[in-house]
Amino acid sequence: MSSGEKIIVFSDLDGTLLDENYSFAAARPALRKMAESSIPLILCSSKTRKEIEHYRDEIGNRHPFISENGGGIFIPEGYFPDETILERFSPGIEPGYRVIRLGTPYRELRKALAELRAEGFPITGFGDLSTAELAKLTGLSTHEALLSKERDFDEPFLFMGNEEEKSKLFRAIRGRCLFTTQGVYWHLLGDNDKGKAVKILVEIFRARYGSLKTVALGDSPNDLPMLENVDIPLVVQRPDGRHHSALSLPNLGKFEGIGPHGWNSAMLALLSRLEKVP
Ligand SMILES: [Mg+2]
């Protein structure tokens, strides 16, 4: 990059870098170009740590990542040569990682969900489904469905009620000081979102590299906090060929192309534009 500024890119997975069949093949040209230019790609998903590790391995990505809608920030051990820049975020030490935990523990979310069901709300969490049921619902392989059940900070759920019951449910959730967000599914979570996690990682990268240009790509309402916290927010089209109507920001770049197709053209266009900056 001739602009001299370090570029870092945050990306959602489902519906953004991954298509409906969980494939990122259409984004390979841009991924290759980013790797050649040493641009960190930070995966930022509602998926679990284990699921994201699976895709990092497939992509050949060794950068930090954000799991479960901003619940956890996982920084590979030794990724930042000076780890004192992490200290003010009180990272925990786990094998291979420094982990900044922002989410509510999963057992508390499960407890709240069980109570809501006992109150009569027709709500089913991923934790209530067997691996086979989850694979059937999501289209994940049995192996990936198993990985998606190892949750730390976020419970995706299905709601079988009408709009009025849904409003009541959301009030009951807020009454418990918990929150919801929407990706492919509804999610029950604590006071964390993708944006809060992105903000922290941007601070850490700034401490390491100084001036940064930050980019994020998403497709759904749960990406909005992430998109609001970067210099260049980009959205891709959903499988119906539209951009999600709830995504609007003054500087939002809306790219043509569904999921990884839009991702690929957006990133190639952006990289060639940034390369031309004197
Ligand atoms: Mg998505």
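Among the residues of the range 184-205, is there at least one that is in contact with a strand residue (DSSP E or B) (Cβ under 7 Å, 6 or more places away or on another chain), within 16 Å of the ligand (Cβ to nearest atom) and farther than 24 Å from P64 by Cβ? Taking every residue of the range 184-205 in turn, at least one turns out to be in contact with a strand residue (DSSP E or B) (Cβ under 7 Å, 6 or more places away or on another chain), within 16 Å of the ligand (Cβ to nearest atom) and farther than 24 Å from P64 by Cβ. If the condition is being out of contact with any helix residue (DSSP H, G or I) (no Cβ under 8 Å at 6 or more places or on another chain) and without any contact (Cβ under 8 Å) to a residue 40 or more places away in the chain, then the range 92-103 contributes G92, I93, E94, P95, G96, Y97, V99. Flag: K194 does not match the condition of being among the basic types (K, R) and open to solvent by 40 Å² or more (accessible area, probe 1.4 Å). On the given criteria, is L270 in a helix (DSSP H, G or I), closer than 25 Å to H63 by Cβ and away from the ligand (no atom under 16 Å from the Cβ)? Yes. Close contacts from the range 8-21, counting a first residue that is over 16 Å from V184 (Cβ atoms) and assigned by TED's automatic domain parsing to the domain that holds H261 and a second that is near the ligand (Cβ under 10 Å from one of its atoms) and small (G, A, S), with Cβ to Cβ under 9 Å and a gap of 6+ residues or different chains, come to F10/G218.
Do you know which of the residues in the range 103-159 that are hydroxyl-bearing (S, T, Y) and part of a helix (DSSP H, G or I) is surrounded by the fewest Cβ atoms within 10 Å (Cβ to Cβ)? Give the steps one after another, and end with the answer.
Going through the range 103-159, the residues hydroxyl-bearing (S, T, Y) turn out to be 104, 106, 124, 130-131, 138, 141-142, 148.
Still in the list and also part of a helix (DSSP H, G or I): 106, 131, 138, 142, 148.
Details: Y106: 20, T131: 16, T138: 18, T142: 12, S148: 21.
In this case the residue turns out to be T142.
Just to be sure, is K6 surrounded by fewer than 24 Cβ atoms within 10 Å (Cβ to Cβ) and modelled with pLDDT of 95 or more? For K6, the condition - surrounded by fewer than 24 Cβ atoms within 10 Å (Cβ to Cβ) and modelled with pLDDT of 95 or more - is not met.
Could you look through the range 247-272, keep only residues that are of a type in the set (G, A, S) and more than 16 Å from D19 (Cβ to Cβ), and pick out the one that is least open to solvent (accessible area, probe 1.4 Å)?
Within the range 247-272, the first condition is being of a type in the set (G, A, S), and the residues that meet it are 248, 253, 257, 259, 262, 265-266, 269, 272.
So of that shortlist, the ones also more than 16 Å from D19 (Cβ to Cβ) come out as 248, 253, 269, 272.
On the way: S248: 85, G253: 18, A269: 47, S272: 45 Å².
If we take residues in the range 247-272 being of a type in the set (G, A, S) and more than 16 Å from D19 (Cβ to Cβ), then G253 is least open to solvent (accessible area, probe 1.4 Å).
If S38 satisfies all but one of (1) within 26 Å of L146 (Cβ to Cβ); (2) open to solvent by 40 Å² or more (accessible area, probe 1.4 Å); (3) not charged (D, E, K, R), what's the number of the condition it fails? Failing condition for S38: (1).
Over 13 Å from the mean Cα position of the chain (by Cα) and open to solvent by less than 10 Å² (accessible area, probe 1.4 Å): is that true of V215 in this structure? For V215, the condition - over 13 Å from the mean Cα position of the chain (by Cα) and open to solvent by less than 10 Å² (accessible area, probe 1.4 Å) - is met.
Taken over the range 10-34, the criterion of being out of contact with any helix residue (DSSP H, G or I) (no Cβ under 9 Å at 6 or more places or on another chain) and either in a strand (DSSP E or B) or away from the ligand (no atom under 16 Å from the Cβ) (or both) is satisfied by D14, R32. Could you please let me know if S46 is surrounded by 19 or more Cβ atoms within 10 Å (Cβ to Cβ), polar (S, T, N, Q) and under 25 Å from R242 (Cβ atoms)? Yes: the conditions hold for S46.
The combined condition, being within 14 Å of the ligand (Cβ to nearest atom) and in the same structural domain as F121 (by TED's automatic domain parsing), is not fulfilled by G175. Restricting attention to the range 116-149, the residues that are in contact (Cβ under 8 Å) with a residue 60 or more places away in the chain and farther than 25 Å from F74 by Cβ add up to 1.
Within the range 54-91, the residues that satisfy the criterion of being in a helix (DSSP H, G or I), in contact with a strand residue (DSSP E or B) (Cβ under 8 Å, 6 or more places away or on another chain) and free of Cβ contacts under 8 Å to residues at least 40 places away in the same chain are R56, I59, E83. If you go through the range 35-53 and keep only what is out of contact with any Pro (no Cβ under 9 Å at 6 or more places or on another chain), within 16 Å of the ligand (Cβ to nearest atom) and touching a residue at least 60 places away in the same chain (Cβ under 8 Å), you end up with C44, K47, T48, E51.
Give the range 235-246 a look and list any residue that's open to solvent by 10 Å² or more (accessible area, probe 1.4 Å) and within 13 Å of the ligand (Cβ to nearest atom), or say none. Steps first, please.
If we filter the range 235-246 for residues that are open to solvent by 10 Å² or more (accessible area, probe 1.4 Å), which is where we start, we get 237-246.
The answer is Q237, R238, P239, H243, H244, A246.
The values are calculated or read from the model by the stated rules, or taken from the named source; none is laboratory data. Every value quoted in this text rests on a predicted model; they were computed, and no experiment measured them. Cβ sites come from the backbone with ideal geometry, for glycine too, and all protein chains shown count toward neighbours. Surface accessibility is based on the protein's heavy atoms, side chains included, excluding ligands, DNA and RNA. Shrake-Rupley method; radii C 1.70, N 1.55, O 1.52, S 1.80 Å.
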